[in-house]
Structure formats: C-alpha cells, structure tokens
Amino acid sequence: MNAMTENKGSTLVAKPDQVVIPPTVAMKGEDVSVFYGAKQALFGVNLEIERNRVTSLIGPSGCGKSTFLRSLNRMNDTIDICRVTGRITLDGEDIYDKNLDVVELRARVGMVFQKPNPFPKSIFENVAYGPKIHGMVSTKAETEEIVVSSLRKAGLFEEVKDRLNEPGTGLSGGQQQRLCIARAIATKPEVLLMDEPCSALDPIATAIIEELIDELRENFTIVIVTHSMQQAARVSQKTAFFHLGKLIEEGVTEDIFTNPVNKQTQDYIMGRIG
Amino acid sequence: MTDATLPTQVQTAAINRARLRNKRNAADFRLRAYGITAISIAVGLLGILLFTLVLGGYSAFVQTHIRVDFPISAEYVDPADPAEGNWRAVVSDGVGALLPSDSPAQARQIAQILTNNTQFFVRNAVVADPSVIGGTLTLDIPAADIFDQLNKGNIDRNTPEANRRVTDQQIEWFDSLQEQGRVSTPFNWGLFFNADSRFPELAGLSGAITGSFYALLVCFLISFPVGIAAATYLEEFAPKNRWTDLIEVNINNLAAVPSIVFGLLGLAVFLQIFGLPRSAPLVGGLVLALMTLPTIIIVTRNALKAVPPSIREAAYGMGASPQQVILHHVLPLSLPGILTGTIIGLAQALGETAPLLLIGMNAFITSPPGGVLEASTALPTQIYIWADSPERGFVSRTSAGILVLMGFLLLMNAVAIFLRQRLERRW
Ligand SMILES: Nc1ncnc2c1ncn2[C@@H]1O[C@H](COP(=O)(O)OP(=O)(O)OP(=O)(O)O)[C@@H](O)[C@H]1O
Ligand SMILES: [Mg+2]
C-alpha cells in the first residue's frame, strides 16, 4: 500500500501549464440517468468535461463508466433498450435535442474503443473515411494531407508511411489502436472519448498511447475510461470516480488520488473494491 | 491410513485412469468410424447415381449420321429463290442413289433411314450456299432413331425379327451403308443447339437451356435485390418486437414450403389473376423467385449477423449514418456470404420441376423462346417430358439431359466457391 502511494506521488507532479489556463467547460452532464430497459445503470450524474484537459473515469467493473462515456456521443442510441434522461450539453447545446443531428455530433465527439477496430480497408481509407463522409475534403490532395497529418498526430505515420494501401487490420494491436485514434482525430473532433484504449495492449504500446494522449490534449478535449489507477494518474488532469451507477467523487486528479474525500473513493484507489 | 493402503490407492487410481482413457479412445474411434461410414455411404450413392447416368446418357452425346449426296438440279430449285424448291424431290433423288430399290414403297422405306426432317437440312444448306445449285450437295444427315439405336448397339441383332424394332431388310440396308463408309457417329452438337422435337435424333436442349436461363434471370433479378433489401431491413433497422418475430418465423417457414405449393400459387395468381402467358419463363422466374426469396433472406441475414459488431460501432462512432454504415461496411463485408447463398439458391431453383409443371413449362415447344414472354420449357421440365416419351432415343437423352443439368449446377457451385474465395481473399 505504501509502495503504491509512493508510486503515485512520483507520477503526480503537476505540470506548470496545468494551472495556468483557466478551464472552460466543453461538455456538461446534468442529472444524467441511463436505463437499459427497466434496469437503471446511471443515477443522476453531474459532471463537467473541461476543454483541453484529460478527464478520466474510474470505478469498479459495471459501475457505468462506459455507459456515461457512450451517452456523451449518443452511441447509446444504437442500443434499442437504452434510454437517457437529464441533460448533456456540448458547448452549451443540448446533444439530446430533437433537432440535433447525431451524425454531426459524432463528428464533433469522436470515439476510440476498447478493442482496436480498424475497418477491413487500407490504412489510408481508414483515416480518410471520416473526412470523406463528413464532406471535409473535396480533392485527393486534401484527403492525403488530412490522412498524413492525422497519422502523424497519432504517432503512426513513420511506421506506416510505406504501406498506406495495405490493410489496417494487418497492423499490430498497438498500431491498430493508434490507427483508430488517427481515424478518430481525422474528423477534427472537439472531444475525444476513449473507452479503455489500452486494455488490449502491452506496456510499451500503452506507454506510446499515453504519451500520445498527453500531446493530443493540446488540440482536443479527452475523456478516458481506465481501470489502471496509474494510467489515470499519469494522463489525466481531472478524475471522476463512479460506483454502482453513481458519480461518487470528482476533482483534480492529484486531489482524488492523494486526498480523496469519500470513503468509497479511498477504498477503491487503495484497491479495496473493484 | 497405514502405509500398506497407500500403494493400493495409487494402483486403483491408475487403473481407473487407464479405464477412462480406454473408454475415451474407444468413443473417439467409434465417432470417427460413424463419420467414415456415413461419408462412404454418401459417396457410394453419389457414385452409383453418376455411374447410371453416364452409362445411360453417354450414347446421347453422339449421334449416328449418314452421308448422302443430293443432286441439286435447277429443275427443282430456282436459284433466284432457293427457299422455295421442291425439296421432297431433291431428297428422294439423293436417297434413291444410296441403295437400290424395287418399288416406290421400298424407296420410301429407304428414305426413312434418314430423319424425317431431311428436306429442311438440305434446304438450309442450299439457302446458305446457293452456288451448289446445279451441282451435288454432300451432307451428313442424322439417322432416324431406330437406326441410331442399331448403330449404337442398343438393338440386339440376334433377337427374332418379330421381336425387333428393325427388320432384317433394314439391317441389311444399314450394313450396306456402313460398307459404303457413309455412316459416322460424331459428337451430337444437336443435343445443345437443337430445340425439342418429336424425333429423338433431332431433339436437343437449346429451348430448355434458354428457357431455364430466362427463368433464372427473372428469378435472380427479383429475388436478389428484394431478398437483400428485406434482410437488411430486418437485420439492421426493424425493431425487435412481436411483428418482426412473426415475420421471421414466417420467412423460415416459407423456406420449407414444398415447391409445388409455389407452383399452385403461381398458377392462381400470375396466370389466373394477372393473366400472364402460360409456359412463359417470366412466370417460371416469378414462381422460382418466390421460392428462392426466403433462402436469400435467410443467408443474407446470417451473413449480416456475421459482420463483427465492432465494425458497426466503429462506423457509427465515426458519425456514419445508418445507410452509410450498411452500404460502406456491412454489405461489402457480407457480400461473399450473400453471393454464395444466392448462387446456391439459384442452383436449387434451376433444378426445380414441380412448380414449372404447374404453370405449363412442360409444353411441347420446338423453338427456343425469343424472350421471357414466349412459351418455353426449362431443363428439368424438358427432362421430365423426355422421361415420359416412349421412343428409345429419349431414354438416353433423358440421362444426357440430367447430366447437362448437373453440369450447370456444378458450374454454378464452382462460381460460388470462386467468388467467395476471390472476395474474401482481399483482406
Ligand atoms: N447493452 C446493455 N444492455 C443491458 N445492460 C447493459 C448494457 N450495457 C451495459 N449494461 C449494464 O449497465 C451497467 C453499466 O455498464 P457499463 O458497461 O457502463 O460498465 P463499465 O463501468 O463500463 O464496466 P467495465 O469496467 O466492466 O467496462 C452494468 O450493470 C451493465 O450490466
Ligand atoms: Mg466499460
């Protein structure tokens, strides 16, 4: 237990820029409840997602992290029995508004999934797909530019520049996940949602992606679900702890890990629940 | 426990393990033996089937021809209008030169060695090349069925004349022709290029093949798009409720409905209510489409189900609309499965007989259909007609027809396998 706190202490040194820019709110959940049929999975969650910050969602399995994440870009719509109440806003706009276009929302709020899921198409087509369907590019040169810059931002370009026409499914797991990140950021979303993006990866690939998340923060707002306390501590500035569908505690990552207010949070980060 | 009991326990355990292992191995062996027996039976039956078909049908792939020299005199045929000649006279001149005859009656009998339609062969050849008028035209004319059978050894010369379908005189004539070197037995192209005929030596499958082609085309054009659209809707859009459950159950049941029922439906609806022409490949195709539709819906749904949900999630997560998700990702990925299923469904439709009989595609039609509305037969119904015909020549043609049908089925299945491998190899 001591070892763990020590470890945390070393990774939690605040970077100077973290405190300089006052945070603005990118997304906001107000009293969000989610039901799967009759079963309630989330209970009145209030959470602010700050711009150009990494927010990590932690909590034991089945506590509703993915559910909350998926309600941020309405991926829950694809589940027939799923129902969301409360209010979620993106730049002050209610994303569950009848007049809001889901397609546009998902272009603005991108998603990276737990298991890398590139399309069974070429690396190039994988990245070009989003810009194409959202009409962001009209010429081949534009497409190429966006593909290359996205791959570069995802730190994958050097590795794949000679085989852009080969299938994306032929890459290694870590490369595939970075390809999925490149694909997601190609549409220039404001917010990037990541559901356990490293759970299928080895430590080296994980380290690469964590570094990447830190860089992406400059341009994107990131929400990440993770089961690794260390990862949450390393990459995020803000942490929210969920338990049994309720948001128990949220705050600056450092505070949550060093000085949790709630007993349950304390127990969880000490490894007593979950 | 004492020391003495321990080894006994170990021993019993070892014996138990050995017994279990033997039992397991025996069960494994039995299972494998059942499998091998089953496969042997299946292969054996298939072998017997093919063997009988080839044995019965191979002789229909060749046809006895008699070489005849027809003097084409300008007296009978007008070079200005060769189509309107006195072909009967031309033929009897040619036949008269073949063998000596004592009487006009005998001459007529000799003429019957050749097929009944000899004059049309001569006319067609002259019309195609009028320069032979005034000279001699040498043609290989198909022999009439009984002589064809005699040549192929299907008629036993040792049976008493009274029990034989050819007389001693006829045998003598035939042998004499053979001595003159006029008898040949080339590959029977007529089997593929002739339409049906009352005379076995002229009967071919071209009408049936064309009819089947048109019917399958109609069947494909209807069942493929409708099937895919229905399956896509059910699989991707339809809410899961009692209605869609009901539809699903009904589709599964439809796939098991006996084909003759679809024939009755076609008869009642397409012919009697819509007044479409009888025996037309269009109606045949419609009926076959009804039959194939459930199959295509089921295979398409399975192919769609087999597309990993992660691909759908990825596409939706990118902000693709449902239409884009389906057209860009799901359908292309499931296409190999859909195509294979469709071709197998079409192959089934190709061999379907009962519904076609009910809508009159077993009529006697002597020319291939020029379109989907013209009366026609189909391969299986042609086989049915031939199987029902009394002439010896139709017996072997029935088997040959079945072999041709099976050839087409084999071809379609090969295409299915090829397509699947080709499309799946891409990634
Ligand atoms: N599609 C669904 N249908 C019904 N119930 C669901 C569905 N998805 C999730 N749930 C339920 O909602 C609750 C929250 O699930 P969720 O996936 O959000 O958990 P999680 O915190 O992401 O867990 P994990 O860490 O294991 O991924 C769980 O009780 C789960 O059983
Ligand atoms: Mg989850």
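Residues in the range B:384-415 that are free of Cβ contacts under 8 Å to residues at least 40 places away in the same chain and either in contact with a helix residue (DSSP H, G or I) (Cβ under 9 Å, 6 or more places away or on another chain) or in a helix (DSSP H, G or I) (or both) were compared, and the one that is nearest to B:VAL283 (Cα to Cα) is B:TYR384. Which of the residues belonging to the range A:80-113 are away from every other protein chain (no Cβ under 14 Å) and either closer than 22 Å to A:PHE220 by Cα or away from ligand 1 (no atom under 16 Å from the Cβ) (or both)? The answer is A:ARG87, A:ILE88, A:THR89, A:ASP91, A:GLY92, A:GLU93, A:ASP94, A:TYR96, A:ASP97, A:LYS98, A:ASN99. Is it true that B:VAL372 is β-branched (Val, Ile, Thr) and not in a helix (DSSP H, G or I)? Criteria met by B:VAL372. The residues of the range A:59-79 that are more than 14 Å from chain B (Cβ to nearest Cβ) and under 12 Å from the mean Cα position of the chain (by Cα), listed by number, are A:LYS65, A:PHE68. Is it fair to say A:ARG152 is of a type outside the set (Val, Ile, Thr) and either more than 21 Å from A:MET75 (Cβ to Cβ) or touching a residue at least 60 places away in the same chain (Cβ under 8 Å) (or both)? Here the answer is yes, as A:ARG152 does meet what is asked. Checked against the criterion of being surrounded by 17 or more Cβ atoms within 10 Å (Cβ to Cβ) and over 18 Å from the mean Cα position of the chain (by Cα), the candidates B:GLY371, B:GLY345, B:GLY401, B:GLY337 yield just one match: B:GLY337. For the range A:186-203, a tally of residues being of a type in the set (D, E, K, R), within 16 Å of ligand 1 (Cβ to nearest atom) and within 12 Å of another protein chain (Cβ to nearest Cβ) returns 1. Surrounded by 19 or more Cβ atoms within 10 Å (Cβ to Cβ), away from ligand 2 (no atom under 16 Å from the Cβ) and among the charged types (D, E, K, R): does that describe A:GLU93? No: the conditions fail for A:GLU93. Of all the residues that make up the range A:204-224, how many are away from chain B (no Cβ under 14 Å) and either within 16 Å of ligand 2 (Cβ to nearest atom) or among the aliphatic types (A, V, I, L, M) (or both)? So the answer is 10. Screening A:PRO120, A:PRO131, A:PRO116 for residues that are within 14 Å of another protein chain (Cβ to nearest Cβ), within 30 Å of A:GLY92 (Cβ to Cβ) and at pLDDT 90 or above leaves exactly one candidate, A:PRO131.
Among helices (runs of 4 or more DSSP H) entirely within the range A:171-274, having at least 1 residues that are closer than 24 Å to A:GLU145 by Cα singles out A:173-186, A:203-216.
Quick check on the range B:71-84. Is at least one of its residues out of contact with any strand residue (DSSP E or B) (no Cβ under 9 Å at 6 or more places or on another chain), part of a helix (DSSP H, G or I) and farther than 30 Å from B:PHE187 by Cβ? The answer is yes, given that some residue of the range B:71-84 is out of contact with any strand residue (DSSP E or B) (no Cβ under 9 Å at 6 or more places or on another chain), part of a helix (DSSP H, G or I) and farther than 30 Å from B:PHE187 by Cβ. So how many residues does the range B:131-180 have that are under 16 Å from B:ALA111 (Cβ atoms) and in a loop (DSSP other than H, G, I, E, B)? Going through the range B:131-180 one residue at a time, the tally reaches 3. Can you tell me which residue in the range B:44-85 is farthest from the chain's Cα centre (by Cα), limited to those that are aliphatic (A, V, I, L, M) and over 30 Å from B:GLY393 (Cα atoms)? The qualifying residue farthest from the chain's Cα centre (by Cα) is B:ALA74. The residues of the range B:308-344 that are among the aliphatic types (A, V, I, L, M) and more than 7 Å from chain A (Cβ to nearest Cβ), listed by number, are B:ALA315, B:VAL325, B:ILE326, B:LEU327, B:VAL330, B:LEU331, B:LEU335, B:ILE338, B:LEU339, B:ILE343, B:ILE344. Scanning the range A:68-90 for residues that are among the aliphatic types (A, V, I, L, M) and surrounded by 18 or more Cβ atoms within 10 Å (Cβ to Cβ) returns A:LEU69, A:LEU72, A:MET75, A:VAL84, A:ILE88, A:LEU90. The residues of the range A:134-168 that are within 12 Å of chain B (Cβ to nearest Cβ) and buried (at least 17 other Cβ atoms within 10 Å of the Cβ), listed by number, are A:HIS134, A:PRO167, A:GLY168.
The values are calculated or read from the model by the stated rules, or taken from the named source; none is laboratory data. All of these numbers come straight from a predicted model, not from anything done at the bench. Counting neighbours? That spans all protein chains shown, and the Cβs are built from the backbone with ideal geometry, glycine included.
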